[in-house]
Amino acid sequence: MNKIYNIYKTLYKNYGPQGWWPITGYGYHKLDYTFPRDEREIFEVCLGSILTQNTTFTSVVKSLENLHIKNAINAKAIESMNINELKEAIKPSGYFNQKTRYILEFIKFYNSLGGATPSREALLDIVGIGEETADSMLLYGYNQPEFKVDAYTKRLMLELGLIDEKTKYAEIKSMMESSIRECVKDERELLTIYQEFHALIVKHGKEFYSKKPYGVGCFLKR
């Protein structure tokens, strides 16, 4: 029995498709896996991946809406903004001073790509881009099969006895990916499952793993 894949199937059965990553002006796109559809949407996912560090996605949406009002959800517009104006726009996401720096550093890298898909290693070399942020960009921005691990993933796997407190990000990522690959051979289906699985864990995590004691009432523990 593949425990990880069964967790995915149970979550999907209970919550259904999630339609991640939501795009400004469109929102969630359940069962439509054609997103992101252009460079602007790719950049928005990458921008959102930086903004969501250490905050809720609700706060990120507010920041993106502020930038959208200024027609600034693109690299060129952000580069031309007054830095204090940029800080004010992304203020709802918190840590706006350091995130402003991270965004501007990422834009330098993004511009150098010329529309190409970055490697995970190259992303990790950018100031402010850690493993979770890099995987978020690749999974939802560039449609690459890189499983994204977040705090909810770790709390859930810990509660289910599949990891311990010392298990590192890379180990959890490897466990999730290898388990799913045992059951799914088609690369397109694999990508879809990675995208849905992470979103489903967030959905489930908000319900059962956002406050201590974690896991109270979690139906996956039955």
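Candidates are the residues of the stretch 143-184 that are of a type in the set (Asp, Glu) and surrounded by 15 or more Cβ atoms within 10 Å (Cβ to Cβ); the one that is farthest from Leu104 (Cα to Cα) is Glu159.
Of all residues in the stretch 194-213, those satisfying the criterion of being hydrophobic (A, V, I, L, M, F, W, C) and either closer than 17 Å to Thr56 by Cβ or out of contact with any Leu (no Cβ under 9 Å at 6 or more places or on another chain) (or both) are Ala199, Ile201, Val202, Phe208. Checked against the criterion of being within 21 Å of Thr52 (Cα to Cα) and assigned to a helix (DSSP H, G or I), the stretch 179-186 has no qualifying residue. Residues in the stretch 58-74 that are touching a residue at least 12 places away in the same chain (Cβ under 8 Å) and in a helix (DSSP H, G or I): Ser59, Val60, Val61, Lys62, Ser63, Leu64, Glu65, Asn66, Leu67, His68. Taking the conditions exactly as written (more than 22 Å from Ile23 (Cα to Cα) and modelled with pLDDT of 95 or more), does Ile126 satisfy them or not? Judged against the criteria, Ile126 is a match. Checking each residue in the stretch 15-38 for being in contact (Cβ under 8 Å) with a residue 40 or more places away in the chain and over 15 Å from Ile193 (Cα atoms) picks out Thr24, Gly25, Pro36.
Considering (1) surrounded by fewer than 15 Cβ atoms within 10 Å (Cβ to Cβ); (2) in contact with an Asp or Glu (Cβ under 7 Å, 6 or more places away or on another chain), the lone condition that Ile83 does not fulfil carries the number (2). Leu86 satisfies every condition listed in (1) more than 19 Å from the chain's Cα centre (by Cα); (2) of a type in the set (A, V, I, L, M, F, W, C); (3) not in a helix (DSSP H, G or I) except (3). Mind counting the residues in the stretch 130-170 that are in a helix (DSSP H, G or I) and either more than 26 Å from Arg222 (Cβ to Cβ) or modelled with pLDDT under 95 (or both)? Count: 13.
The sole residue among Ala134, Ala151 that is within 12 Å of the chain's Cα centre (by Cα), hydrophobic (A, V, I, L, M, F, W, C) and in the same structural domain as Glu121 (by TED's automatic domain parsing) is Ala134. Within the stretch 22-37, is there a residue that is buried (at least 17 other Cβ atoms within 10 Å of the Cβ), closer than 15 Å to Val202 by Cα and of a type outside the set (Ser, Thr, Tyr)? The answer is yes; a qualifying residue exists. Among the residues of the stretch 13-43, the ones that are outside any loop (DSSP other than H, G, I, E, B), within 28 Å of Leu104 (Cβ to Cβ) and not aliphatic (A, V, I, L, M) come to 5 in all.
Do we find that Tyr140 is touching a residue at least 40 places away in the same chain (Cβ under 8 Å), under 26 Å from Thr34 (Cβ atoms) and crowded, with 16+ Cβ neighbours inside 10 Å in this structure? It is true that Tyr140 is touching a residue at least 40 places away in the same chain (Cβ under 8 Å), under 26 Å from Thr34 (Cβ atoms) and crowded, with 16+ Cβ neighbours inside 10 Å.
Yes/no matrix, rows are residues, columns are (1) among the charged types (D, E, K, R); (2) in a helix (DSSP H, G or I); (3) farther than 21 Å from Phe147 by Cβ; (4) without any contact (Cβ under 8 Å) to a residue 24 or more places away in the chain:
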{"site": "Thr10", "(1), (2), (3), (4)": "no, yes, no, no"}
{"site": "Ile50", "(1), (2), (3), (4)": "no, yes, no, no"}
{"site": "Lys76", "(1), (2), (3), (4)": "yes, yes, yes, yes"}
{"site": "Pro92", "(1), (2), (3), (4)": "no, yes, yes, no"}
{"site": "Thr100", "(1), (2), (3), (4)": "no, yes, yes, yes"}
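The values are calculated or read from the model by the stated rules, or taken from the named source; none is laboratory data. These numbers were taken from a predicted model, which means no experiment stands behind them. Counting neighbours? That spans all protein chains shown, and the Cβs are built from the backbone with ideal geometry, glycine included.
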